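Scroll down for the structure; my scribbles are underneath it.
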Amino acid sequence: MRALGDCAADRRVAASARALSWCGEHAAVWLATGLAGAAADPARRDGWLRGTALVAAAHLASMGVKRVVRRPRPLLEGRAPLVRTAGRHSFPSSHAASAGAAAVAFGAVRPGLGVAPLAALVCVSRLVAGVHYPSDVVAGAALGALTVRLGARRERFHGC
């Protein structure tokens, strides 16, 4: 955590972490991506919309787990977080849950789109910003991917 937090000393890295965190807030970038995909890609519209719904489900699932676990956010001595957070609890990372879900769902709808690298950057941004433990991010991404896999199986959506 300290090593990634130290990266924030570079103002470009700090600005990037803030921007990525802001975009991932409430799964906004992923919901917008899914809706834009549905509008721009009529042949895969159903896949985009189902994927978007599964991203939203993953985000909501993470918020539910967070309310049960209630793990406090990290406090690194001598370092304030780079971003404000919507809540006090950190496990699992909702940013990582929606990012992991988007990587799986949208990657299946449109392979090669490049969602996975952006999702990974959103996940790392939460560590650089100092608002999550690594286990929060790993658990969130796994929860997101699992939500999509289970939801796809349930819906018989083979695009995920």
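Results, tabulated for the structure shown:
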item	result
Filter result for Ala141 (surrounded by 24 or more Cβ atoms within 10 Å (Cβ to Cβ) and within 21 Å of Leu49 (Cα to Cα))	yes
Answer from Arg84, Arg88, Arg79, Arg71 - the residue that is open to solvent by 10 Å² or more (accessible area, probe 1.4 Å), over 14 Å from the mean Cα position of the chain (by Cα) and modelled with pLDDT of 90 or more	Arg71
Leading residue by the ranking (farthest from the chain's Cα centre (by Cα)) among those in segment 91-114 that are in contact (Cβ under 8 Å) with a residue 40 or more places away in the chain and surrounded by fewer than 24 Cβ atoms within 10 Å (Cβ to Cβ)	Arg110
Residues of segment 42-56 classified as open to solvent by less than 40 Å² (accessible area, probe 1.4 Å), of a type in the set (Gly, Ala, Ser) and farther than 21 Å from Ser21 by Cβ, total	2
Residue check for Arg110: at pLDDT below 90 and either touching a helix residue (DSSP H, G or I) at 6+ places or on another chain (Cβ under 9 Å) or at positive phi (or both)	no
Checking Ala36 against (1) modelled with pLDDT under 95; (2) under 20 Å from the mean Cα position of the chain (by Cα); (3) of a type in the set (A, V, I, L, M), the condition it does not meet	(1)
Failed criterion for Ser135 (all others in (1) of a type in the set (Ser, Thr, Tyr); (2) out of contact with any helix residue (DSSP H, G or I) (no Cβ under 9 Å at 6 or more places or on another chain); (3) under 18 Å from Cys23 (Cβ atoms) hold)	(3)
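The values are calculated or read from the model by the stated rules, or taken from the named source; none is laboratory data. Computed from a predicted structure; not experimentally measured. Backbone-built Cβ (ideal geometry, glycine too); neighbour counts: all protein chains shown. These area figures cover heavy atoms from the full protein model, side chains too; ligands, DNA and RNA do not enter into them. Shrake-Rupley method; radii C 1.70, N 1.55, O 1.52, S 1.80 Å.
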